[in-house]
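The values are calculated or read from the model by the stated rules, or taken from the named source; none is laboratory data. No experiment lies behind these values; they were computed from the predicted model shown. FYI the Cβ positions are ideal-geometry reconstructions off the backbone, even for glycines, and counts take in every protein chain you see.
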Amino acid sequence: MHIPTPPLDLEHARDASFQAAVASESGQCLASCYQCGMCTAGCAYTPDYDVPVHQVMRLVQLGLREQVLSCRAIWLCASCQACTTRCPNNIDVARVMDVLRHMARRAGHAPEANVKTFADSFLASVARHGRVFEAGLAAVFAIKSGRPMQDAGLGLPMLTRGKLALIPHEPTGNGKAEVAAIFARFNRFADQGAGRHSHDDVQRSGTPKASANTPKARSDTAKDSAPTTEDGQ
Amino acid sequence: MSDATTTNLTLAYYPGCSQTGTAAEYDRSSRACCAALGVGLVDVPDWSCCGSTPAHTVDHHLAGALAARNLIQAELTGHDRVATPCPSCLAALRTASHHLAEDSHPNGAAQNNASPGDADPNSRTRPSFRSQVERLLDRPAPLRSVAVSVLQVLVEDVGVEAIAAAVKHPLTGLRVAPYYGCIMNRPPGLMAFDDPENPTALDRVLTACGATVVDFPFKTECCGAAFAMPRLDIMQRLSARLLDMAASCGADAIAVACPLCQMNLDLRRGQVNAFSLGQGGIGHAMPVPYFTQLLGLALGLPESGLGLDKLVLDLRPALAAAAERTAEAQKLSAQAAQAQKSAKANGKNGTGHGPKPGCKENTPCA
Ligand code: SF4
Ligand code: SF4
Ligand code: SF4
Ligand code: SF4
């Protein structure tokens with residue numbers, strides 16, 4: 001498959017600290033990637049990626065921060081671990097993709113808005129119930145994604161097989177409160193790290209905050225708080 | 001059961017959210033098989049969600065804290081090993097243990113990060129993974145308990161021979177594609193179980209059950225994971241090719257070990273078939289039971305305890321087809337034996353010119 005490479009503007013777009021930041025957050029030696037393409041060859045999602053995973057690695061090496069953080073591929077990675085398993089240089093490529101997704105969140109990018117909405121709705125369900133409440137998650141996602149009918153046909157077979165719990169199974173003791181407290185601390189620290197207060201938290205809007213160990217990257221949190229309005233599909 | 005008292009194999013058990021809803025039959029059949037094979041399971045008290053994939057795609061410390069809370073709870077059972085049927089839970093729990101252990105070193109990066117090109121001036125000031133997780137938990141995080149899959153317990157602690165010896169109703173003739181899913185064995189450094197490219201644990205369990213395991217090249221290819229909701233088209237494409245491959249291998253059923261795989265291949269079959277038909281392909285009716293359901297059947301456990309009625313695609317036609325095929329094969333081999341016998345008899349009584357039994361002209365080509 002031929003994937004055209006967008007023009008590279010190394011002169012102006014290069015952010016020399018980007019590779020170091022990704023290396024540090026992921027704990028991976030990015031310089032050792034020699035572009036063999038093994039990761040891309042084994043990635044089941046390559047046909048859906050705008051930038052194949054080995055090119056993502058290269059763009060990081062080149063310090064092309066914006067190009068990496070705005071791509072769709074980092075949102076479509078399923079963490080299937082094929083690349084990590086096969087990289088001849090022992091790079092945990094899936095973890096690098098994870099870290100890029102964290103950075104993209106902090107920078108306010110979400111080109112695959114529904115993927116972000118799904119993760120946010122999932123975690124909001126966990127924050128509220130201590131466990132995932134599947135029926136609630138499906139309902140919330142159906143509304144937020146703007147495609148309420150996509151899975152409507154699944155309700156009946158699930159109902160007749162007793163698979164659709166209509167009441168959440170919550171932890172039996174303190175678990176629910178402890179999980180809520182973990183999310184509350186997470187949101188608080190993220191806000192502190194960002195050096196300012198935000199109008200948003202998981203329980204209210206279903207949008208977890210990104211952590212803030214690189215505050216300068218958190219330039220645009222406004223988009224973070226509005227997952228439902230940026231349905232870019 | 002009776003053998004349960006004779007072994008002292010007991011572990012903590014973490015069901016995971018899916019197993020209280022869409023994958024209730026995986027939980028039920030896992031418990032039933034473990035009980036029948038002498039594995040004691042003590043539920044992790046007051047367990048909460050492990051965080052699964054969404055948590056680590058948002059933040060590694062949040063993911064670590066959500067998983068670590070359950071490892072702490074697991075220690076309350078008095079057992080250091082936590083068995084879970086779900087590979088996503090397994091990955092979440094093992095990842096947390098792994099990074100907490102690694103973090104006895106100040107920065108996990110320090111070990112891998114050998115290159116000067118990656119040197120980060122901030123890495124010394126970055127707080128450790130452990131301290132970040134403990135800050136979210138607001139208490140010390142454990143190191144002691146470690147998660148294992150129910151499959152690993154069955155293969156390594158119980159053993160395939162013991163399983164084979166306990167089989168009462170062998171699944172003779174049932175052709176099964178063993179589907180491990182993508183993360184049961186990957187990455188190998190983390191999961192430390194079986195082969196990451198060609199795992200065989202499921203093959204061995206199913207063979208012990210008397211089933212015929214087909215050589216399935218997509219054992220570890222991803223089914224589309226949780227993309228069914230946000231990007232249905234991706235899940236359809238990936239699950240469709242799994243079904244096509246299983247069909248071309250001649251499988252009657254696909255045995256799975258992951259609740260998400262099962263949901264994509266079974267509950268969402270209508271969506272996947274619609275995609276295949278739209279591409280000019282064919283739809284498939286092949287059932288997708290959990291391997292623990294097949295094992296339970298082979299062990300002679302009551303069907304009601306295995307949740308077979310929860311499968312969207314009925315397993316019974318596949319079992320009936322296998323039984324019919326086996327009966328047919330038995331009839332044919334009986335006929336062949338009869339024919340051989342009479343040929344032999346002819347050879348003795350006749351002129352002696354008849355072909356010898358077993359000589360080439362007598363044997364049909366394969
Ligand atoms: S497999 Fe590893 S070395 Fe090869 S291109 Fe991918 S990341 Fe680079
Ligand atoms: S982990 Fe992500 S990038 Fe790596 S092979 Fe799987 S889907 Fe592709
Ligand atoms: S991975 Fe799935 S099943 Fe496992 S606990 Fe978490 S959400 Fe729940
Ligand atoms: S194949 Fe699909 S569902 Fe199954 S383990 Fe991977 S992601 Fe899980």
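Things worth noting here:
- Per the conditions (1) in contact with a Gly (Cβ under 9 Å, 6 or more places away or on another chain); (2) in a loop (DSSP other than H, G, I, E, B); (3) within 21 Å of B:Met184 (Cα to Cα); (4) away from ligand 4 (no atom under 16 Å from the Cβ), the sole criterion not satisfied by A:Ala78 is (4).
- Residue count, segment B:327-347 (criterion: of a type in the set (D, E, K, R) and either touching an Asp or Glu at 6+ places or on another chain (Cβ under 9 Å) or surrounded by fewer than 11 Cβ atoms within 10 Å (Cβ to Cβ) (or both)): 1
- In segment B:36-50, the residues that are within 7 Å of chain A (Cβ to nearest Cβ) and closer than 16 Å to A:Phe186 by Cβ: B:Ser48, B:Cys49
- Among the residues of segment B:43-59, those that are touching a Gly at 6+ places or on another chain (Cβ under 8 Å) and surrounded by fewer than 21 Cβ atoms within 10 Å (Cβ to Cβ) comprise B:Pro45, B:Asp46.
- Number of positions in segment B:153-199 that are within 18 Å of A:Thr85 (Cα to Cα), surrounded by fewer than 16 Cβ atoms within 10 Å (Cβ to Cβ) and either of a type in the set (A, V, I, L, M, F, W, C) or more than 14 Å from every other protein chain (Cβ to nearest Cβ) (or both): 1
- Residue among B:Thr57, B:Thr95, B:Thr20 that is within 8 Å of chain A (Cβ to nearest Cβ) and either over 21 Å from the mean Cα position of the chain (by Cα) or more than 20 Å from A:Lys176 (Cβ to Cβ) (or both): B:Thr57
- When A:Asp50, A:Asp92 are screened for being touching a residue at least 24 places away in the same chain (Cβ under 8 Å) and acidic (Asp, Glu), only A:Asp92 passes.
- Enumeration of residues in segment A:130-159 that are within 21 Å of the chain's Cα centre (by Cα), closer than 27 Å to B:Gly307 by Cβ and assigned to a loop (DSSP other than H, G, I, E, B): A:Gly130, A:Arg131, A:Val132, A:Phe133
- Test result for A:Gly162, surrounded by fewer than 22 Cβ atoms within 10 Å (Cβ to Cβ), outside any loop (DSSP other than H, G, I, E, B) and over 21 Å from the mean Cα position of the chain (by Cα): no
- B:Pro259 touching a residue at least 24 places away in the same chain (Cβ under 8 Å), within 19 Å of the chain's Cα centre (by Cα) and within 12 Å of chain A (Cβ to nearest Cβ): yes
- A:Asp151 being away from ligand 3 (no atom under 16 Å from the Cβ), of a type in the set (Asp, Glu) and not assigned by TED's automatic domain parsing to the domain that holds A:Cys43: yes
- Condition check for A:Ala23: within 13 Å of chain B (Cβ to nearest Cβ) and within 16 Å of ligand 4 (Cβ to nearest atom): no
- Residue match in segment A:86-94 (condition: farther than 21 Å from A:Tyr45 by Cα, part of a helix (DSSP H, G or I) and among the β-branched types (Val, Ile, Thr)): no
- So A:Pro47, is it in contact with a Gly (Cβ under 7 Å, 6 or more places away or on another chain), within 13 Å of chain B (Cβ to nearest Cβ) and surrounded by fewer than 22 Cβ atoms within 10 Å (Cβ to Cβ): no
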